[in-house]
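Here the structure is laid out as structure tokens; the discussion comes afterwards.
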Amino acid sequence: MKSLKKGIPIALLFFIPFVLSHCRSAGDQQKEVAAEADKKTYQVIHLHYIGGITPAEVTVTPGTTMIWMNNSRAPLELQFEGKQVTLACKSPVHFVIDENGSFLSERIPHGSVASLCFVEKGEFTYVARKVFAGTGVPDREKIKEFKGTVIVK
């Protein structure tokens, strides 16, 4: 019985500092998680009928998800020009990979969104094309284009 009584204080000498050190690190971890949650990991771009793309140029960090909101009155498509997006995070919305291995959007209906998470650094210029069907005007007047740029640093 005497050896048990001696073992308890010795165990407490090791156990209490261990618990206290983990309590502090848990608090630090909570602060890190809160700080990480404050970082903006997405950027919304609005596509308008008259005004085009707002904002037209965006600078983001790798891992940022770009969300294009179609606020125009017509369906539209997004196509990258020049440097192509060939690597992205999982689950892009309304984007497919074309025969060249680049991301290209499908037709995005009015009121819908398309999203793509950028992981590659670089400057990506894209065109938002509004396709008007059944307007009775020549083909060259059925398509309206707006240009935008995503800069990943």
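At-a-glance table
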quantity: Scope the stretch 45-63; condition farther than 15 Å from Glu123 by Cα and assigned to a strand (DSSP E or B); matching residues; calculated: Ile45, His46, Leu47, His48, Gly52, Ile53, Thr54
quantity: Strands (runs of 3 or more DSSP E) (entirely within the stretch 89-131) containing at least 3 residues that are in contact with an Asp or Glu (Cβ under 7 Å, 6 or more places away or on another chain); calculated: 122-131
quantity: From the options Glu106, Glu81, residue that is farther than 15 Å from Gly148 by Cβ and surrounded by fewer than 17 Cβ atoms within 10 Å (Cβ to Cβ); calculated: Glu106
quantity: Thr59 being free of Cβ contacts under 8 Å to residues at least 40 places away in the same chain, assigned by TED's automatic domain parsing to the domain that holds Gly122 and loosely packed, with under 14 Cβ neighbours inside 10 Å; calculated: no
quantity: Filtered residue count, the stretch 64-88, keeping only those that are in contact with a strand residue (DSSP E or B) (Cβ under 7 Å, 6 or more places away or on another chain) and assigned to a loop (DSSP other than H, G, I, E, B); calculated: 7
quantity: Residues (touching a residue at least 40 places away in the same chain (Cβ under 8 Å), under 20 Å from Thr59 (Cα atoms) and more than 13 Å from the chain's Cα centre (by Cα)) located in the stretch 85-121; calculated: Lys121
quantity: Checklist (1) of a type in the set (S, T, N, Q); (2) at pLDDT below 90; (3) more than 20 Å from Val152 (Cβ to Cβ) applied to Gln84, failing item; calculated: (3)
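The values are calculated or read from the model by the stated rules, or taken from the named source; none is laboratory data. All figures in this text were calculated on a predicted structure; none of them were measured in a lab. Cβ atoms come from the backbone with ideal geometry, glycine included; neighbour counts cover every protein chain shown.
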